[in-house]
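The structure appears right after this line, and notes come after that.
Bear in mind these aren't lab numbers, they're just calculated from the coordinates by the rules spelled out. The model shown is predicted, which means the values in this text are computed figures rather than measured ones. Don't worry about glycine lacking a Cβ; one is built from the backbone with ideal geometry, like all the others, and counts go over all protein chains shown.
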Amino acid sequence: MKKTILTFLLIVQIQSILAQVKSISNQPIYRNPLPSPYQLKWHDNNYYLFMHFGPNTFTDKEWGDGKEKTTVFNPTLMDCNQWCKIAKAAGAKGIIITAKHHDGFCLWPSKYSTHTVGQSDFKRDVLAELSAACKKNGLLFGVYLSPWDRNHPDYGTPQYNTVFVNMLKEIFQNYGPIWELWWDGANGEGPNGKKQIYDWQLFESTVRAISPQTVIFSDIGPDIRWIGNENGKASTTNWNLLDTIGFKRGLGAPLNDTLQQGNFKGAHYIPAEADVSIRPSWFYHERENNQVKSGEELMKIYLNSVGRGANLLLNVPPDDKGLISAYDSAALMNFYIKRKPLEGPNLLKNASLSIGEPDRNNINKPYSWYYILKQSVLMNGLILEEDLKYGQKIIAVNITVSTSGETKLQQKITTVGSKRIIVFPEPINASEIAIVVLESKGLPIFKTIRAF
């Protein structure tokens, strides 16, 4: 009976909060850019793999020059099902493949290039096999397509923009659905010594027309932004908002610090993605087999990316046989084991909860969630998530963890966003937890508050 009354009171409180949110959302001072339904889904799938694969895998380079013979690409044991099974076992939600890197080599037999798998001895269509394997294993499928092409004879001329659009159409029509499209802003010289003036507006409108549900990444969006480094590290303050007026993709993007933190009053909802490689390089090099990041190192990266509201794109390059190596696979499995406690039962599930009602006349009055457990429970940390369908609002939060009234930890954090993971310096036998929102853009709404 007591639980029923508490549940009823909680429902009434939530209804009251939602009514207030609706009433203040029309006030200009609190207007906040909102995510699209596709961006919300993107937030939920916050860890996935990147795969750099192509001629560089065989030539021991990072950036090919476009002069490589197509015969060099020959991953004789390639098994996209092996990639997907390992990704699935490691808890990754999808795979983004480098369909065309700067060298111009296409991992599908494009009709608009002569530098493709179709001209190699390998012949097999990598995109077709990976798309099918992702569907089979329940993974999302994404594509990286570099606009720079160091092989194509039309690069550096207006005709190349049409070539690139035709390549986009081939990929989306033949290998979809494409969950995320990744655009590198690199813009160097082509085989004719000229640089290309990219028609980004044409590229974007083409994708929107064919696949409106696809989220598009570049350093300034339109849907996802770069985090400003390749270390997989987001800022402790991370707004999903960005101002893009006056900036261009590739060259001329905002400062890296701005990309890391976003803009407090940003005009556009463009959340951050943190990319990093499991190895020192992006493509596979045998000499780096003993330099694969450990599970512990990957866990630190996860806490500094996903744990700060960004998505993590972890590069795991297939080797020259076309397989994920045992070194990389072992690190991924160890990483998965270290993440498991975060996904365990919510230790606050049976705690009593009281919510400090906000003052309708004072939006910035502290708003609190106070948990009392029947008996103390050993905890390693907390996970906070905002309900982002109402926009990102929380500016500052104070967290207090106590045992029988004695404060054991007090910590102030800034943004919450998609996910904020707070790891205690050492485990705490906690019986009370107070979460006080010190400042926010309107009424804060948590999607989840969990202890692990």
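The charge dipole of the chain, taken about the Cα centre with unit charges on the Cβ atoms of Lys, Arg (+1) and Asp, Glu (-1), comes to about 1400 debye, rounded to the nearest 20. Considering all different alpha carbon pairs of segment 37-146, the Kirkwood hydrodynamic radius works out to 14.6 Å. For LYS300, the shell of other residues with beta-carbons less than 13 Å away shows a net charge of +3, using +1 for Lys and Arg and -1 for Asp and Glu.
Largest first, the three principal axis extents of the alpha carbons in the chain are 72, 47, 36 Å in whole numbers. Looking only at the chain, where both bridge partners belong to it, what percent of the DSSP beta bridges are antiparallel (to the nearest 5)? In the chain, DSSP labels about 60 percent of beta bridges as antiparallel. Against the longest alpha carbon principal axis of the chain, how many degrees, from 0 to 90 and to the nearest 10, is the axis of helix 200-210 turned? Approximately 80 degrees, to the nearest 10.
Put simply, the C-alpha atoms of segment 133-288 give a gyration tensor, and the ellipsoid matching it has half-axes of 25, 20, 19 Å, longest first. For the chain, take the longest principal axis of its alpha carbons; what is the angle in degrees between that and the long axis of helix 326-339, to the nearest 10 within 0 to 90? The angle comes out at about 10 degrees. For the chain, adding -39500 (n - 2.57) for each run of n ≥ 4 DSSP H residues and dividing by the number of residues yields -8000 deg cm²/dmol at 222 nm.
At full extension, THR76 and GLN213 could sit 45.8 nm farther apart than now, given 0.36 nm per residue minus the alpha carbon distance.
For LYS136, a cut-off of 23 angstrom between C-alpha atoms picks up these lysines, skipping any fewer than 8 places away in its own chain: LYS41, LYS85, LYS88, LYS93, LYS123, LYS321. With a bin width of 5 angstrom, please list the P(r) values of segment 345-451 as percents of all Cα-Cα pairs, from the 0 bin to the one holding the largest distance. For segment 345-451, the pair-distance distribution reads 2, 12, 24, 25, 19, 11, 5, 1, 0. Subtracting the Cα-Cα distance of ALA396 and PHE264 from their residue separation scaled by 0.36 nm leaves 46.3 nm. Taking every alpha-carbon pair within segment 283-402, the share separated by more than 17 Å comes to 71 percent.
Against the chain, whose longest principal axis is taken from its Cα atoms, helix 126-137 shows a tilt of about 30°.
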